[in-house]
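J.: Submitted below is the structure of interest, expressed as structure tokens.
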Amino acid sequence: MIETETPADRVYVIHPQISGRAYDVDARLEEACGLAEALDLELAGGDITHVRAIDPGRFFGSGKAEQIRLTLEEKGAAVCVVDAKLSPVQQRNLEKTWNVKVVDRTGLILEIFGRRARTKEGRLQVELARLAYERSRLVRTWTHLERQRGGGGFLAGPGETQIETDRRLLADKMAKLRRELDDVRRTRALHRKQRQDVPYPVVALVGYTNAGKSTLFNRITGARVLAKDMPFATLDTTVRAFETPSGIKALMSDTVGFIIDLPTELIAAFRATLEEVRDADVLIHVMDVSAADFDLHRAEVESILDGLEAGVNHGQTVIEVFNKIDLWNDDLGEAPPKKGEGVFETIAMSALTGEGTERFMAAIERALLERARVMTVELAPGEGKAHAWLHSHGAVLRETTNSETGAISMTVRLTPEDAGRFAVAFPDHGQEF
């Protein structure tokens, strides 16, 4: 039998532990190995390497670099992932020293995003981020980059070097991608405006990658978004409608997961997509309560949200979900995480098993009603449609009927969106808030 499948490249993962930085290094190495395996690479092993001072030319000192080279030869690795951000010079020199393909953390995450993006907007965003990253890698690695290209005509100078040509071509391609992306973003903005014209409150899920956002999204909305135990299983934003227990209609948005040292190129490229987060009425911060670096993941997500002008510090209502409570080990004697400062409510649950789902839905309802308006409406006897609408969409706090005229006076609590919809559907009623 002839073997037709190309064998996967063997990859060795190195996590440099920089002196003076406190975090769970084993968890960080495990995360980096998971990222490498997400690219269908065969994991040859991984190691934590202590780094006292970063060498500007090779990141690692000469002795450490030689030690790693021998390990790579022994493991038969064709690719080495360095779980840190390397400069172009450092990456080039390590490839020369080790004679293998070297990928840093930024390149690894960009590659995963490139494989996972499904929508046109997602692919354009990832391609733009990748080109921005590659443009910084155009160092004089090969001699052909130093060759000059002759100009044409009598005004031509000595011509441009190959590296200048490559940079110009990249710049042209990036400009074209930005134009295409602007067209897609205008369409997204139009869709967002249409949702605002028929206003339903928006609840956006955010959190660290692999925290369980998509599993929770599927459980609440009945959608079938890909939900796997892998980093960045979901990249493209998905929006679905759902109802709270008392019948408040809302939209839930599942967004891309965050990660420590998320490349700035990706944050810039996905900024338009992440406007869904900034514009949401309620943010659901989903956290893996069983993660070894729980506090670090929590702080990283909050930092990225702050950079997007979203979250508690920007006046948004935030509900924290301590997910995967089924994996929480009470025997360790550790105290459960505390509610974040300024957070509306914290819910412990398991999106996988469904434990705590009712508490979660009740918290969303309370958060939406917190924003509610109380309005008084006077209805004539024949206005049964408006009467039924208010009972269907709001919480009727008081209702009285005039025995002589048959007119109905209603005091109703509605979300701002439903109050707006009522005003559009029944414009002739005097309303007092």
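The values are calculated or read from the model by the stated rules, or taken from the named source; none is laboratory data. Not measured: the values here are computed from a predicted model. Because the Cβ atoms are built from the backbone with ideal geometry, glycine has one as well, and the counts that use them run over all protein chains shown. Note: accessible area is taken over every heavy atom of the protein model, side chains too, but ligands, DNA and RNA are not part of it. Shrake-Rupley method; radii C 1.70, N 1.55, O 1.52, S 1.80 Å.
J.: Report in % the part of the accessible area of the stretch 1-95 that belongs to carbon and sulfur, leaving out ligands and nucleic acids; probe 1.4 Å.
T.: That fraction is 47 percent.
J.: Shifting gears a bit: In what sequence, highest mean first, do 295-305, 107-117 appear when ranked by Cβ atoms within 10 angstrom?
T.: By packing density, highest mean first, the sequence is 107-117, 295-305.
J.: Compute the accessible area per residue over the stretch 335-382, keeping the other protein chains in place, probe 1.4 Å, unit Å².
T.: 54 Å²
J.: Beyond a 27 Å Cα-Cα separation, which of these cross-linked pairs lie in this structure: Lys85/Lys324; Lys101/Lys213; Lys96/Lys176; Lys213/Lys339; Lys96/Lys120?
T.: Distance filter (> 27 Å) returns Lys85/Lys324; Lys101/Lys213; Lys96/Lys176; Lys96/Lys120.
J.: Then there's this: For Tyr208, Tyr200, give the ranking by accessible area with the largest first, probe 1.4 Å.
T.: The most accessible residue leads, giving Tyr200, Tyr208.
J.: Still on this structure, please answer the following. Please report the accessible area of Glu370 (heavy atoms, 1.4 Å probe, ligands and nucleic acids excluded) in Å², nearest 10.
T.: So the heavy atoms of Glu370 present about 130 Å² to solvent.
J.: Still on this model: Can you tell me, using C-alpha contacts under 8 Å and at least 6 residues apart, the relative contact order of the stretch 275-433 as a whole percent?
T.: In percent, rounded to a whole number, it is 18.
J.: Quantify, in whole percent, the carbon and sulfur part of the accessible surface of the stretch 317-433 (1.4 Å probe; protein heavy atoms only).
T.: Its accessible area is 50 percent carbon and sulfur atoms.
J.: At 1.4 Å probe radius, can you tell me the per residue accessible area of the stretch 26-85 in Å²?
T.: Heavy-atom accessible area per residue stands at 50 Å².
J.: Name the residue from Ala388, Val412, Ala372 whose Cα lies farthest towards the positive end of the charge dipole of the stretch 356-433, charges +1 on Cβ of Lys and Arg and -1 on Cβ of Asp and Glu.
T.: With unit charges placed on the Cβ atoms, the residue in question is Ala372.
J.: Non-local amide H neighbours of Asn210 (under 5 Å, H modeled in plane, Pro and chain starts lacking H): which ones?
T.: It is Phe232, Ala233, by chain and number.
J.: If you don't mind, another one. In whole Hz and in residue order, list the ³J(HN,Hα) couplings for the stretch 43-48 that follow from phi through the Karplus curve 6.51 cos²θ - 1.76 cosθ + 1.60, θ = phi - 60°; x for Gly and Pro.
T.: 6, 8, x, x, 8, 9
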